[in-house]
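The values are calculated or read from the model by the stated rules, or taken from the named source; none is laboratory data. Just so it is clear, the structure is predicted and the values come from calculations on it, not from any experiment. Every residue, glycine as well, gets a Cβ built from its backbone with ideal geometry; the counts of neighbours run over all protein chains shown. Note: accessible area is taken over every heavy atom of the protein model, side chains too, but ligands, DNA and RNA are not part of it. Shrake-Rupley method; radii C 1.70, N 1.55, O 1.52, S 1.80 Å.
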Amino acid sequence: MPSTHMYHGKPSISLTGFMFTGKSSVGHRLAFRLGLDFIDLAEQIVKEAGCPITEIFSRGGEAEFRELEHQVLARVVTKPGKLFSTGGGVVLDSRNRELLLRHSCVIWLIASPQTVLERLKKSKGKPRPLLEVDDPMTKICELLAGREKFYSECDLRISTDG
């Protein structure tokens with residue numbers, strides 16, 4: 001049964017932020033504590049596409065992935081009583097930012113570039129196509145610099161360093 005609670009006057013919660021800020025792990029725990037259904041947008045994209053994100057990137061590049069990401073978000077974000085974990089680049093599309101802010105309390109999870117790099121090095125499993133470069137720290141800083149202004153369009157900010 002969907003929750004009847006409101007979060008900053010909105011029917012759901014979404015977690016945004018860069019890769020390795022804890023959106024999925026925090027999302028699972030927070031959804032459980034609040035009695036909300038949890039939807040990991042990346043998992044939903046994989047399910048609907050029928051292939052891994054790396055295959056979507058290799059087949060049609062980031063542009064194809066971002067359009068698919070928008071289509072999936074537009075379908076699921078209007079459902080009340082949910083907690084959404086978004087991909088780190090979902091905020092690049094103004095349509096996505098508008099959907100998230102209209103339908104959910106947007107929480108920006110923040111981690112320093114150093115923390116992101118440490119978590120990347122320790123990560124097992126999920127490939128990160130945008131960070132598969134010779135100098136991941138430079139890429140992390142570059143991507144963050146281009147995204148922070150969009151992440152800042154949120155209702156709450158929480159640091160996940162440490």
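What the table shows:
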{"quantity": "GNM top mover of V26, V76, V133 - the chain, alpha-carbon springs below 10 Å", "calculated": "V133"}
{"quantity": "GNM top mover of R102, R75, R119 - the chain, alpha-carbon springs below 10 Å", "calculated": "R75"}
{"quantity": "Carbon + sulfur, % of accessible area of the chain - ligands and nucleic acids excluded, 1.4 Å", "calculated": "56 percent"}
{"quantity": "Equivalent ellipsoid semi-axes, region 1-105, via Cα gyration tensor eigenvalues times 5, rooted, Å", "calculated": "24, 14, 12"}
{"quantity": "Sequence-distant residues sharing a close amide H with I110 (under 5 Å, placed H)", "calculated": "I158, S159, T160"}
{"quantity": "Cα-based shape type of region 34-162, given that a ≥ b ≥ c are square roots of the gyration tensor eigenvalues and the cut on a/c is 1.5", "calculated": "oblate"}
{"quantity": "The chain: most fluctuating residue of P52, P11, P113 per GNM, C-alpha cutoff 10 Å", "calculated": "P52"}
{"quantity": "Residues of the chain: accessible area per residue with a 1.4 Å probe, Å²", "calculated": "52 Å²"}
{"quantity": "Over 22 Å (Cα to Cα) - which of K23/K149; K121/K149; K82/K122 fall in this group", "calculated": "K121/K149; K82/K122"}
{"quantity": "Where labels lie 7 Å past Cα in the beta-carbon direction, separation of T54 and L30 in nm", "calculated": "2.9 nm"}
